[in-house]
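Trainee: The structure under discussion is supplied below as structure tokens; questions concerning it will follow.
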Amino acid sequence: MPIKLQGKEFVTHEELVQWATEQGIESVITELVHLDIEKREAVHKATATGKRGTFTGFGDCLPGIKGNVIGMVAAAFIRMSETRAVNRALRLYTGRGATSVDELGGNSSGPTGPIKQGPKPPASDAFKACQGFVFAQLKEAGIDYDRIVGPYTERHCGGRLSTWEDEGQIRHFIADACAGRIDWSKAPNLTGK
């Protein structure tokens with residue numbers, strides 16, 4: 001199921017792999033075409049081949065370009081570049097036009113205005129259903145929910161994670177967070193804003 005951020009839908013890597021498998025994907029081969037360790041830059045080429053034909057996509061991770069990657073994502077620049085290339089090739093192979101979450105650069109294009117502090121809204125049934133998973137994963141990754149995740153999702157994702165109504169979206173967000181694909185520097189309690 002696509003993830004909605006600020007009214008726009010984005011597909012996940014997991015969905016792209018599933019759709020490609022259902023459509024007879026046979027292989028995805030990646031090639032590192034540019035690497036500059038000092039600048040932390042990488043560009044990959046991915047070629048997806050299967051029953052539908054052969055499709056190629058390129059993915060980059062170029063911290064020197066504003067908005068390309070930020071925060072913790074930049075630390076995983078080689079993996080991010082490869083994941084972006086694979087996702088673009090799989091999007092072409094599966095005929096999906098929606099951008100993948102991994103192509104966002106670690107920051108949604110949501111509002112950046114100040115968040116009004118107030119009482120926390122009640123948790124949704126979806127959040128309650130996977131609350132154990134959420135807190136176990138965050139604890140293992142060393143990410144504080146109240147100080148980081150709640151304020152971040154409230155600011156950038158249209159509401160605190162605990163209010164989201166889709167368990168799949170919650171789990172996808174937590175997976176992205178624990179894999180380092182979220183730029184926590186935008187969390188108000190970290191930046192002091």
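Please treat every number below as a calculation from the coordinates, not as lab data. Values in this document were obtained by computation on a predicted structure and should not be read as measured data. All Cβ positions, even for glycine, are placed from backbone atoms using ideal geometry, and neighbour counts span all protein chains on display.
Trainee: Would you kindly state how much longer the chain becomes between Ile78 and Thr56 on full extension, computed as 0.36 nm times their sequence separation minus their alpha carbon distance, in nm to one decimal?
Mentor: Numbers: separation 22, 0.36 × 22 = 7.92 nm, distance 1.81 nm.
Net length gain for the segment: 6.1 nm.
Trainee: A follow-up question, please. Report the local net charge at Met80: Lys and Arg +1, Asp and Glu -1, summed over other residues whose C-beta lies under 13 Å from its C-beta. List each step's numbers first, then the result.
Mentor: Details: positive: Arg40, Arg79, Arg84, Arg88, Arg181; negative: Glu41, Asp60, Glu82, Asp102, Glu103, Asp176, Asp183.
With Lys, Arg at +1 and Asp, Glu at -1, the net is -2.
Trainee: Regarding the range 3-103, what's the average projected area of the Cα-atom convex hull, expressed in nm²? Intermediate values should be presented prior to the final figure.
Mentor: Values: hull surface 25.7 nm².
Spelled out: convex hull of the Cα atoms, projected over all directions, averaged, 6.4 nm².
Trainee: Can you figure out the FRET efficiency of Ile37 with Ile65, using R₀ = 25 Å and their beta-carbon distance, to the nearest 0.05?
Mentor: E(calc), rounded to 0.05, equals 0.90.
Trainee: What distance in nm separates the two pseudo spin-label positions at Gln18 and Phe133, each 7 Å out from Cα along the beta-carbon direction?
Mentor: 1.1
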